[in-house]
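A.B. asks: Here you go, one structure.
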Amino acid sequence: MYVVSIDQDQCTGCGECTKTCPADLLSLNGQGKAEVSGEPTDCMGCESCVSVCPSGAAKVQEC
Ligand code: SF4
Ligand code: SF4
């Protein structure tokens with residue numbers, strides 16, 4: 001099982017992760033930052049969000 005998290009301090013709000021997630025788990029919130037909008041554990045662990053994130057804010061852990 002995998003779990004995704006977004007570091008709000010590191011996120012610049014570029015939105016790239018929201019476009020690439022195949023599970024549609026990520027969206028931009030009212031502060032213009034990415035957040036997990038579904039169940040964090042629905043993450044498939046593909047690490048696409050990690051690859052496209054220019055600031056290292058997207059993190060995926062196996063649990
Ligand atoms: S690792 Fe893949 S499935 Fe998980 S949040 Fe990132 S893009 Fe989505
Ligand atoms: S790709 Fe990274 S910096 Fe861009 S919105 Fe997603 S978490 Fe934030």
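The values are calculated or read from the model by the stated rules, or taken from the named source; none is laboratory data. Predicted model, so just to flag it, every value in this text is computed and none were measured. All Cβ positions, even for glycine, are placed from backbone atoms using ideal geometry, and neighbour counts span all protein chains on display. Note: accessible area is taken over every heavy atom of the protein model, side chains too, but ligands, DNA and RNA are not part of it. Shrake-Rupley method; radii C 1.70, N 1.55, O 1.52, S 1.80 Å.
A.B. asks: Would you confirm, using the coordinates I've provided, whether ASP9 is exposed (fewer than 14 other Cβ atoms within 10 Å of the Cβ), of a type in the set (D, E, K, R), out of contact with any Phe, Trp or Tyr (no Cβ under 6 Å at 6 or more places or on another chain) and without any contact (Cβ under 8 Å) to a residue 60 or more places away in the chain?
C.D. replies: Judged against the criteria, ASP9 is a match.
A.B. asks: If you don't mind, there's one more thing I want to ask. If we keep just the residues of region 30-52 that are among the polar types (S, T, N, Q) and out of contact with any Gly (no Cβ under 9 Å at 6 or more places or on another chain), which is farthest from ligand 2 (Cβ to nearest atom)?
C.D. replies: At the first step, the residues of region 30-52 found to be among the polar types (S, T, N, Q) are 31, 37, 41, 48, 51.
Add one more test, that the residue is out of contact with any Gly (no Cβ under 9 Å at 6 or more places or on another chain), and what stays is 37, 41, 48, 51.
Working: SER37: 12, THR41: 18, SER48: 10, SER51: 9 Å.
Across region 30-52, the extreme among qualifying residues is THR41.
A.B. asks: List every residue pair whose Cβ atoms lie under 7 Å apart, where the two residues are 6 or more positions apart in sequence or sit on different chains, the first residue falls within region 36-54 and is at pLDDT 95 or above, and the second residue, located anywhere, is acidic (Asp, Glu).
C.D. replies: From region 36-54, the pairs are GLY45/GLU62; VAL52/GLU16; CYS53/GLU16.
A.B. asks: Oh, and also: Among the numbered conditions (1) among the β-branched types (Val, Ile, Thr); (2) buried (at least 16 other Cβ atoms within 10 Å of the Cβ); (3) within 11 Å of ligand 2 (Cβ to nearest atom), tell me where VAL3 comes up short.
C.D. replies: VAL3 satisfies all of (1) among the β-branched types (Val, Ile, Thr); (2) buried (at least 16 other Cβ atoms within 10 Å of the Cβ); (3) within 11 Å of ligand 2 (Cβ to nearest atom) except (3).
A.B. asks: Additional query: Within region 12-52, track down each residue that is open to solvent by less than 70 Å² (accessible area, probe 1.4 Å) and touching a helix residue (DSSP H, G or I) at 6+ places or on another chain (Cβ under 8 Å).
C.D. replies: Correct list: CYS17, THR20, CYS21, ALA23, LEU25, LEU26, SER27, ALA34, SER48, CYS49, VAL52.
A.B. asks: Show the residue pairs that are 6+ apart or on different chains and have beta-carbon atoms under 7 Å apart, the first residue being within region 12-26 and assigned to a loop (DSSP other than H, G, I, E, B), the second being open to solvent by less than 50 Å² (accessible area, probe 1.4 Å) and among the β-branched types (Val, Ile, Thr).
C.D. replies: LEU25/VAL4; LEU25/VAL36
A.B. asks: Let me ask you something else. Restricting attention to region 53-63, and to residues there that are surrounded by fewer than 16 Cβ atoms within 10 Å (Cβ to Cβ) and near ligand 2 (Cβ under 10 Å from one of its atoms), which single residue is farthest from CYS11 (Cα to Cα)?
C.D. replies: Checking each candidate, the answer is LYS59.
A.B. asks: What number of residues within region 1-26 are over 16 Å from LYS59 (Cβ atoms), within 11 Å of ligand 1 (Cβ to nearest atom) and not charged (D, E, K, R)?
C.D. replies: Count: 1.
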